[in-house]
Structures are given as C-alpha cells and as structure tokens.
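**Student:** Here you go, one structure.
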Amino acid sequence: MALLTGLPRRLVEQQLLSAQQAQELLEQARQNKQHFVAAAVAAGKVKARPLAMLAAEEFGLPLLDLASFDLELLETELVSRELIEKHRVLPLFKRGNRLYVAQSDPSAMLAIDEIKFNTGMTVESVLVEEDKLHSAVDRFLNASDTSMGDLGGELDDIDLEDPDAKEKQAAKEAETDSGDDAPIVRFINKMLLDAVKEGASDLHFEPYEKRYRVRYRTDGILHEVSSPPINLAGKIAARLKVMSKMDISERRLPQDGRIKMKLSKNKAIDFRVNTLPTLWGEKVVLRILDSSSAQLGIDMLGYEPDQKDLYMAALAKPQGMILVTGPTGSGKTVSLYTGLNILNVEGTNISTAEDPVEINLEGINQVNVNARVGLDFASALRSFLRQDPDVVMVGEIRDLETASIAIKAAQTGHLVLSTLHTNSAAETLTRLANMGVPAFNIATSVSLIIAQRLARRLCSKCKQPADVPEQALLDAGFSQEQLATAEIYQPVGCEQCNGGYKGRVGIYEVVKMTDSISRIIMAGGNSIEIADCARKEGFNSLRTSALQKVAQGVTSLAEANRVTTD
C-alpha cells in the first residue's frame with residue numbers, strides 16, 4: 001500500500017481493487033507498455049465508468065461522455081494520425097490557442113507533452129471513459145484507413161501467391177504504385193485484411209447505377225463497410241480478378257478464382273472468388289476460407305454432450321455413413337472437417353472429393369471435382385475405392401449414381417462422410433429414398449445424420465435478462481422443467497459486438513439410426529413418422545436444441561426463432 005500513489009491508491013482506498021491487484025496491474029501495464037487505466041479496464045478488474053469518475057475527482061479534471069460528442073468535429077488536422085494511434089487520445093476542439101484533448105489516464109503526461117510540442121498550443125486534458133475512447137480511436141483510424149485518399153503505403157506489399165506466367169504482365173500493371181491504380185491496390189488490401197480481422201465469412205463488392213458498396217457478412221448478417229466512388233468499379237473488379245488469376249478481359253461470363261494471402265510465415269488465409277456480370281458491372285464475392293476454423297475441435301462447435309458422444313461413436317466405427325445436412329452457410333463443412341481431423345492419423349487413408357476444396361488439410365488426399373473434364377463426384381468416388389481408402393468424404397450427394405456408390409462403399413468396410421441439402425435429419429433419409437436408393441440400403445448403411453444451423457451468439461459483455469411471460473415461453477416450446485432453470489437473455493449492443501451478438505454457435509439435430517427408425521424406412525414411412533420416432537427415441541429436434549441454447553443464455557429467443565421453426 002505504501003508504494004501505491006495517485007489513481008491506484010484511490011482505487012484501493014475505495015475498495016475497488018486490492019493492493020495486490022493494483023500492483024499486478026501496474027506491472028502488467030509496464031510490461032505491455034500500456035497506461036494503467038487501459039490495463040485495468042482490459043483485465044476486467046474495474047468498470048470504465050466508475051474508474052473515469054474516480055480519476056476525474058482525483059486529478060480535478062472535467063469528465064466528458066464521449067458518446068455524446070460528434071467525432072466529425074475532431075481537430076484531427078492539428079494532431080497527426082501517428083500521435084493519435086500511439087497515445088490513444090483524441091483532439092476534441094480548440095478555443096483560441098488552447099487544444100482540448102480526450103484521454104482516459106490523466107497520469108499519461110507524455111501524450112500531452114508531445115502534442116504540446118508538435119502543435120505549439122496549450123493542451124488541456126479532458127477525461128473520458130477508456131472503453132468509449134478505445135472505440136472512438138479505432139473508428140477514427142479505420143475511417144481514415146478506408147478513405148481512398150488517405151490509404152497508407154504499408155498495405156502496398158501484401159504477400160500473395162505468385163500469379164501464373166500469362167498474368168504476370170497484367171499483375172505488374174495492376175500493382176504499380178504510380179498513377180491512379182495505387183489507391184485501388186491499397187484499398188482492396190485493406191478491405192481483405194479488415195474482413196479477416198473482423199471475422200467475416202464473405203466480402204461483397206457490388207456496383208450499382210449511382211453508387212458502389214462493399215459489404216461484409218459477419219455472424220451471418222451482411223453490413224456495409226465502405227462506399228468508394230462508382231467510377232472505380234471497373235478498376236476494383238480488374239484488380240480482384242488479377243489477384244485471383246482470372247481472365248481480366250472477360251467481363252461477360254462468371255468466373256471463379258482463388259487468392260492466397262500470407263499473413264505471416266505460418267499463417268495464410270485463402271479467399272474463394274467469384275465474379276458475376278450484373279446490370280452495372282461485375283459483382284465480386286469473396287468467401288474467406290480460414291483453415292483455423294477446421295482446427296477448432298469438436299468441443300468448440302456447440303454440440304450438447306449427448307450429441308457429441310453420438311458423433312464420436314459414429315466416427316469410431318470402421319464403416320457406415322455419416323450425413324451432415326442443412327442449408328448453405330450452416331456450418332456443414334466445419335463439422336465434416338472437424339470429424340476428418342479427428343480421423344486424420346498416420347494409419348488411416350483419407351480421400352475427399354469436394355466442389356471446390358475449401359480448406360487444405362495436411363495428410364488428407366483432397367480432390368477438386370471438375371465436371372467439364374468428366375471428374376464428378378461419382379467418378380472421383382469410384383477412383384477412391386481403387387486407392388485402398390479407410391475414410392471417404394464426398395462433398396455432396398446430388399444424384400442416384402453418387403448415392404449408390406457412397407452407400408456401397410459404406411457397406412464394404414469404409415467410413416463415408418457426406419452432405420445433403422435438406423432441412424432435417426428425417427428429410428435426409430426420405431431424400432435418399434426419393435433419389436431411388438433402396439430402403440434396405442439406407443437402413444443398413446446410414447449410421448448417423450446431423451442436421452444443423454448457425455445461430456448468433458449473445459455478446460457476453462452487454463446481454464441482459466429478458467422479461468418474457470411464462471406462457472409465451474411455453475408457447476415457444478419450452479417445458480416446465482426447462483423454465484425452472486432457464487436464463488433467458490436478450491441482445492443490447494455495445495462497442496464490442498454487432499447489435500448485441502458476437503460470434504456464432506451451432507444448433508444440431510443428431511439422430512442415430514436405430515432399429516425403430518430402420519423399420520419405418522423399410523416400411524416406406526415418411527419424414528413425419530421418422531421425426532416422431534426420433535423424438536420418442538430421445539433425439540432432440542433442431543427446435544429443441546435451439547431452445548436449449550436459449551435456456552443456457554447462449555443465444556436469444558428471437559435468434560432461435562430466426563434459424564428454427566416448430
């Protein structure tokens with residue numbers, strides 16, 4: 001206690017921190033080259049608001065609510081971007097020769113001294129809350145980064161996979177830093193890096209008659225992030241096509257390509273790129289293929305304990321078929337790749353046929369199907385069976401030929417994983433029957449069906465208990481037993497999330513092929529009968545699984561309603 005002075009001492013006196021905690025935070029701030037206030041808020045030891053009020057009282061400084069300040073009025077011409085980024089401060093306004101600067105830690109006098117030296121003005125400190133300042137500084141920096149005129153040179157040289165020889169000249173022209181193309185290069189590089197940083201799954205570059213917009217899909221929802229001038233639409237499309245090795249002279253037909261961005265020696269991100277000629281130019285959509293998503297591990301995907309046990313038991317079998325079903329963007333690929341990673345050991349031969357290969361997995365033989373040269377799922381699967389496989393993954397069962405070969409493989413000592421586009425586990429079985437697969441083959445080869453959706457996860461920082469009438473919860477599908485322990489939350493929204501949500505969690509219906517379900521299939525039963533039987537066997541439906549996540553406080557009832565129905 002004797003060693004503590006200033007704000008740390010006041011925090012201990014007010015019993016907001018123990019003396020040991022204050023000492024640890026001081027040491028942590030020194031090691032990380034942070035201010036004490038930033039370290040305390042980042043560690044979650046003290047809330048930003050009471051800390052700012054205490055600091056204002058301790059140092060006798062005015063306290064401003066930064067949320068009520070218009071950031072468009074910042075005096076950013078007086079203080080360089082480098083100083084703002086270095087000291088995490090904001091120049092608010094000036095009166096005569098006085099410049100008022102927002103900061104969260106009044107003991108950080110170096111920032112005030114540097115700004116005073118660089119501006120030649122008298123600098124007055126105004127205290128603001130650390131979390132609001134952090135967010136406002138980031139918004140200012142991002143806004144200046146995405147401005148076409150203010151893009152920094154540090155984005156010029158993102159390490160991309162070498163283009164083909166025939167594209168090298170075009171790439172050289174598109175990447176030149178002279179003339180009008182240099183801002184385009186830096187702008188696109190910035191968009192790609194920001195998308196990866198924000199955890200987006202897709203980027204949309206969209207031309208319209210009078211405007212151009214860039215959107216990210218984050219947590220399943222699209223939102224606009226930039227609107228460059230419409231006259232740059234052609235150059236943006238051309239640059240993206242060069243990066244993804246497409247024919248830049250072809251603007252009338254859709255094209256597919258790929259970009260590999262190296263973030264470091266051991267970290268690379270792949271982008272799957274598609275162009276589409278629209279009325280006002282080429283729309284370009286990039287899907288981010290982050291290999292780390294395939295390394296999450298089954299415990300991170302959101303399976304309930306009993307569902308996880310069923311999946312692991314099916315993966316441990318030497319033969320049989322595991323089918324994953326759901327709409328596009330429901331996380332089927334991650335579920336399959338997670339299973340493949342579990343199976344990927346030295347003594348196992350694994351082959352996959354995909355359209356296209358999304359994530360490269362070391363130790364697994366992956367094949368891109370190519371219908372134009374006759375390499376479809378069925379022909380790839382036939383070749384796999386002559387390559388001594390233990391595990392086979394087929395990207396999608398689309399026709400009777402592929403289904404028949406996959407089922408024969410599952411019946412002859414191979415473990416087969418695949419996907420179908422159906423809405424539930426029961427519909428998956430009837431879809432195979434409608435394709436023409438004999439009921440006996442379905443009943444004896446399919447061992448597990450996983451239907452899934454992705455729901456947005458509530459932000460842990462700002463979610464609040466929801467006041468929902470008990471009858472409304474019962475009508476939504478909750479049982480009285482669930483309501484006894486349920487913790488229902490609703491989204492609020494803060495600087496750390498997107499409208500109250502941050503990240504996504506899987507909602508699953510995992511159904512094991514049982515004797516009762518097999519008998520219904522053999523008797524030609526429909527999906528309703530199969531679903532009823534699965535519930536009686538104790539397998540949760542998608543709706544029930546979604547309500548479990550709501551009761552656990554993981555997602556909201558509104559989000560459960562969005563992704564599932566009764």
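The values are calculated or read from the model by the stated rules, or taken from the named source; none is laboratory data. Note that the structure is a prediction, hence the values are computed from the model and not measured. Backbone-built Cβ (ideal geometry, glycine too); neighbour counts: all protein chains shown. Only protein heavy atoms, including side chains, enter the accessible area calculation; ligands, DNA and RNA are left aside. Shrake-Rupley method; radii C 1.70, N 1.55, O 1.52, S 1.80 Å.
**Student:** What longest region of the chain stays clear of chymotrypsin sites (Phe, Trp or Tyr not before Pro) that DSSP places outside H, G, I, E and B and that have at most 16 other Cβ atoms within 10 Å? List each step's numbers first, then the result.
**Tutor:** On the way: sites that count: Y208, W280.
Within the chain, the longest run free of exposed chymotrypsin sites (Phe, Trp or Tyr not before Pro) spans 281-566.
**Student:** Testing the spin-label approximation: label points 7 Å from Cα along Cα→Cβ at R562 and D256. State their distance in nm.
**Tutor:** Here the answer is 2.9 nm between the modelled labels.
**Student:** Still on this structure, I have one more. If you count the DSSP beta bridges with both ends in the range 380-535, what percent of them are antiparallel, to the nearest 5? Before the final figure, lay out the partial values.
**Tutor:** On the way: 13 of 17 bridges.
Roughly 75 percent of the beta bridges in the range 380-535 run antiparallel, per DSSP.
**Student:** What FRET efficiency comes out for the pair S264/R95, r = Cβ-Cβ distance, R0 = 41 Å, nearest 0.05? Intermediate results must be reported in sequence, preceding the final value.
**Tutor:** On the way: r = 46 Å, r/R0 = 1.13.
According to the calculation, E is roughly 0.30.
**Student:** Can you give the relative contact order of the range 465-533 as a percent, counting alpha carbon pairs under 8 Å and 6+ residues apart?
**Tutor:** Working: 26 pairs, mean separation 13.5, N = 69.
Here the relative contact order equals 20 percent.
**Student:** When all C-alpha to C-alpha distances in the range 426-555 are sorted into bins of 5 Å, what percent of pairs does each bin hold, rounded to whole numbers?
**Tutor:** Whole-percent P(r) values from 0 Å outward: 2, 10, 17, 16, 13, 12, 10, 9, 6, 4, 1, 0.
**Student:** What Cys residues in the chain are without a partner cysteine, judged by a Cβ distance under 4.7 Å?
**Tutor:** Among the cysteines of the chain, those whose Cβ sits 4.7 Å or more from every other are C533.
**Student:** Using the Cβ atoms and a cut-off under 9 Å, what net charge is assigned to the surroundings of V41, where Lys and Arg are +1 and Asp and Glu are -1? Don't skip to the answer; put the middle values down first.
**Tutor:** Working: positive: K45, K47; negative: E129, E130, D131.
My count for the surroundings of V41 gives -1.
**Student:** Given the protein chains as shown and a 1.4 Å probe, how many square angstrom of C533 are accessible, to the nearest 10?
**Tutor:** 20 Å²
**Student:** Please pull out the direction-averaged projected area of the range 277-395, using the convex hull of its alpha-carbon atoms, in nm² to one decimal place.
**Tutor:** Values: hull surface 38.0 nm².
Over every viewing direction, the Cα hull of the range 277-395 projects on average to 9.5 nm².
**Student:** Let me ask something additional. Around L222, under 9 Å between beta carbons, what's the net of Lys plus Arg minus Asp minus Glu among the other residues? Intermediate values should be presented prior to the final figure.
**Tutor:** Working: positive: R215, R217; negative: D202, E224.
With Lys, Arg at +1 and Asp, Glu at -1, the net is 0.
**Student:** Might you tell me the accessible area per residue for the chain, computed with a 1.4 Å probe and given in Å²? List each step's numbers first, then the result.
**Tutor:** Numbers: 27780 Å² over 566 residues.
Averaged over the residues of the chain, the accessible area is 49 Å².
**Student:** Taking the simple approach of a point 7 Å from Cα along Cα-to-Cβ for both E72 and D306, what is their distance in nm?
**Tutor:** 5.6 nm
**Student:** Would you kindly find the accessible area of S249, with a 1.4 Å probe and non-protein molecules such as ligands, DNA and RNA excluded, rounding to the nearest 10 Å²?
**Tutor:** My reading of the accessible area for S249 is about 80 Å².
**Student:** Quick one: Cα centre-to-centre distance for the range 331-407 and the range 243-291, in angstrom?
**Tutor:** For the range 331-407 versus the range 243-291, the Cα centre distance is 24 Å.
**Student:** Can you list the residues of the range 356-390 with backbone N under 18 Å from a point 7 Å past the Cα of V345, pointing along Cα to Cβ?
**Tutor:** Under cut-off, by backbone N: 362-365, 389-390.
**Student:** Test of understanding: extend the Cα→C-beta vector of E529 to 7 Å, then name every residue of the range 417-437 with backbone N under 18 Å from that spot.
**Tutor:** Residues passing the 18 Å test: 425-437.
**Student:** Still on this model: In percent, how large is the relative contact order of the range 51-115, given Cα pairs closer than 8 Å and 6 or more residues apart?
**Tutor:** Details: 49 pairs, mean separation 16.8, N = 65.
The normalised contact order for the range 51-115 reaches 26 percent.
**Student:** Counting pairs of alpha carbon atoms under 8 Å apart in space and at least six apart in sequence, what relative contact order in percent does the chain give?
**Tutor:** Details: 950 pairs, mean separation 49.0, N = 566.
Normalised by residue count, the contact order of the chain is 9 percent.
**Student:** Counting only the backbone N, which residues of the range 40-64 are under 12 Å from the spot 7 Å out from the Cα of E124 toward its beta-carbon?
**Tutor:** Inside the label zone: 61-63.
**Student:** Hey, what number do you get for the chain at 222 nm if only DSSP H runs of n ≥ 4 count, each worth -39500 (n - 2.57), divided across all residues, to the nearest 500? Walk me through the numbers before you get to the answer.
**Tutor:** Working: 22 runs with 223 residues, N = 566.
Rounded to the nearest 500, it is -11500 deg cm²/dmol.
**Student:** With each label point set 7 Å from Cα along the Cα-Cβ vector, what nm distance links L193 and R211?
**Tutor:** 2.7 nm
**Student:** In addition: Counting Lys and Arg as +1 and Asp and Glu as -1, what is the net charge of the other residues whose Cβ lies under 14 Å from the Cβ of E396? It would help to have the intermediate numbers written out before the result.
**Tutor:** On the way: positive: K332, R398, R431; negative: E354, D355, E358, D376, D399, E401.
Here the count lands on -3.
**Student:** Test of understanding: express the Cα radius of gyration of the chain as a ratio to 2.2 N^0.38 Å, with N the residue count.
**Tutor:** 1.16
**Student:** Using a 10 Å Cβ count of at most 13 others and DSSP loop calls, identify the longest part of the chain lacking such GluC sites (Glu not before Pro). Show your work: numbers first, answer last.
**Tutor:** Details: sites that count: E77, E209, E250, E346, E362, E487, E537.
My reading of the result: 78-208 is the longest stretch.
**Student:** Give the residue from N540, V437, L483 lying farthest towards the positive end of the charge dipole for the range 397-547; charges sit on Cβ (+1 for Lys and Arg, -1 for Asp and Glu) and the dipole is referred to the Cα centre.
**Tutor:** Of the listed residues, the answer is V437.
**Student:** So how much slack lies between W280 and S107, counting 0.36 nm per residue of separation and subtracting their Cα-Cα distance, in nm? Don't jump to the answer; show the numbers that get you there.
**Tutor:** On the way: separation 173, 0.36 × 173 = 62.28 nm, distance 5.49 nm.
Extra length from W280 to S107 when fully extended: 56.8 nm.
**Student:** Which value, in debye to the nearest 20, gives the size of the charge dipole of the chain about its Cα centre, when Lys and Arg are +1 and Asp and Glu are -1 at the Cβ? Intermediate results must be reported in sequence, preceding the final value.
**Tutor:** Details: 64 positive and 77 negative charges, 90 e Å.
For the chain, the charge dipole is close to 440 debye.
**Student:** If you don't mind, there's one more thing I want to ask. Calculate, in nm to one decimal, what A484 and T412 gain on full extension: separation in residues at 0.36 nm each, minus their alpha carbon distance.
**Tutor:** Values: separation 72, 0.36 × 72 = 25.92 nm, distance 4.86 nm.
Gain on stretching A484 to T412: 21.1 nm.
**Student:** Something else about it: First compute the accessible area of the chain with a 1.4 Å probe, then give the percent of it belonging to carbon and sulfur atoms. Show your work: numbers first, answer last.
**Tutor:** On the way: 13360 of 27780 Å².
The computed percentage sits at 48.
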